[in-house]
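> Input: one structure, supplied below.
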Amino acid sequence: MRMSEGVEWALHSCLNLTWAPPGEAVTAAKLAAFYSLPAAYLNKHLQALARAGILASTSGPRGGFRLARPPEKITVMDVVTAIEGPEEAFRCTGILAAGPGGRTDVDYRAHCVISQTMAEAELAWRGHLAGRTLADLKATVEQRFPHTPENTRNGFANARA
């Protein structure tokens, strides 16, 4: 399975917003400038995160994005789903029905060993991502790289909007 680059961009943007000054919104342009990303494309992902209730968007001269809820309440899976959608990564099309001995009245999704294996794997990775929050990521980054919060705030302060 391959996720779009938008997932990486969204996760980094959300994580960086955990270090923004409390109550302060960060523009899409500043978030994009932080990693030299195309602002218009990143903005589409930020809007998807806002529609999902992960980010709050404020318009106007002091507008931008901020987390809509505490980092403890935002899972990595929430962000992935907001960007990629809720569809399953593997889609069983029931090709066994067209094979030798296949029957159209059988739900091969429920009986196919391959479909079942892929469904189990998907549940495992989704469960893992649902069990990790932005707060978990933030704590790990701060432990491994203690200057990140300050560097992020300085990066936002010095970025061109």
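> Among (1) surrounded by fewer than 21 Cβ atoms within 10 Å (Cβ to Cβ); (2) not in a strand (DSSP E or B), where does S57 come up short?
The single condition S57 does not satisfy is (2).
> Take the residues in segment 69-91 that are open to solvent by 90 Å² or more (accessible area, probe 1.4 Å) and out of contact with any helix residue (DSSP H, G or I) (no Cβ under 8 Å at 6 or more places or on another chain); name whichever of them is modelled with the highest pLDDT.
Filtering segment 69-91 for residues that are open to solvent by 90 Å² or more (accessible area, probe 1.4 Å) and out of contact with any helix residue (DSSP H, G or I) (no Cβ under 8 Å at 6 or more places or on another chain), the one modelled with the highest pLDDT comes out as K73.
> Would you say W19 is within 25 Å of R153 (Cα to Cα), in contact with a Ser or Thr (Cβ under 6 Å, 6 or more places away or on another chain) and either surrounded by 14 or more Cβ atoms within 10 Å (Cβ to Cβ) or of a type in the set (S, T, Y) (or both)?
yes
> Can you find a residue that is under 17 Å from V141 (Cβ atoms), part of a helix (DSSP H, G or I) and out of contact with any helix residue (DSSP H, G or I) (no Cβ under 7 Å at 6 or more places or on another chain) anywhere in segment 15-36?
yes
> Please identify the pairs in which a residue from segment 149-161 that is under 15 Å from P22 (Cβ atoms) has its Cβ atom under 9 Å from the Cβ atom of a residue that is open to solvent by 70 Å² or more (accessible area, probe 1.4 Å), counting only partners at least 6 apart or on another chain.
Listed pairs, sorted by first residue: F156/E24.
> I'm checking my understanding of the structure. Among residues of segment 76-117 that are basic (K, R) and either assigned to a loop (DSSP other than H, G, I, E, B) or within 21 Å of the chain's Cα centre (by Cα) (or both), which one is farthest from N43 (Cα to Cα)?
Looking at residues that are basic (K, R) and either assigned to a loop (DSSP other than H, G, I, E, B) or within 21 Å of the chain's Cα centre (by Cα) (or both), I get R103.
> Is it the case that some residue within segment 138-145 is closer than 16 Å to F34 by Cβ, at pLDDT 95 or above and more than 19 Å from the chain's Cα centre (by Cα)?
Yes, that holds for at least one residue.
> Let me ask something else about it. How many residues are over 19 Å from R69 (Cβ atoms) and part of a helix (DSSP H, G or I) when one looks only at segment 123-148?
Total meeting the criteria: 12.
> Considering segment 92-123 alone, what residues qualify as being modelled with pLDDT of 90 or more and among the charged types (D, E, K, R)?
Matches in segment 92-123: E120, E122.
> If you scan segment 110-160, which residues turn out to be surrounded by 12 or more Cβ atoms within 10 Å (Cβ to Cβ) and of a type in the set (G, A, S)?
Once the filter is applied, which keeps residues that are surrounded by 12 or more Cβ atoms within 10 Å (Cβ to Cβ) and of a type in the set (G, A, S), segment 110-160 yields S115, A119, A121, A130, A135, A139, G155, A159.
The values are calculated or read from the model by the stated rules, or taken from the named source; none is laboratory data. Only a predicted model underlies this, so the values are computations on that prediction, with no experimental measurement involved. For neighbour counting, all protein chains shown are included, and Cβ atoms are generated from backbone atoms with ideal geometry for every residue, glycine included. Just so you know, the surface numbers come from the protein's heavy atoms only, side chains and all, with ligands and any DNA or RNA stripped out. Shrake-Rupley method; radii C 1.70, N 1.55, O 1.52, S 1.80 Å.
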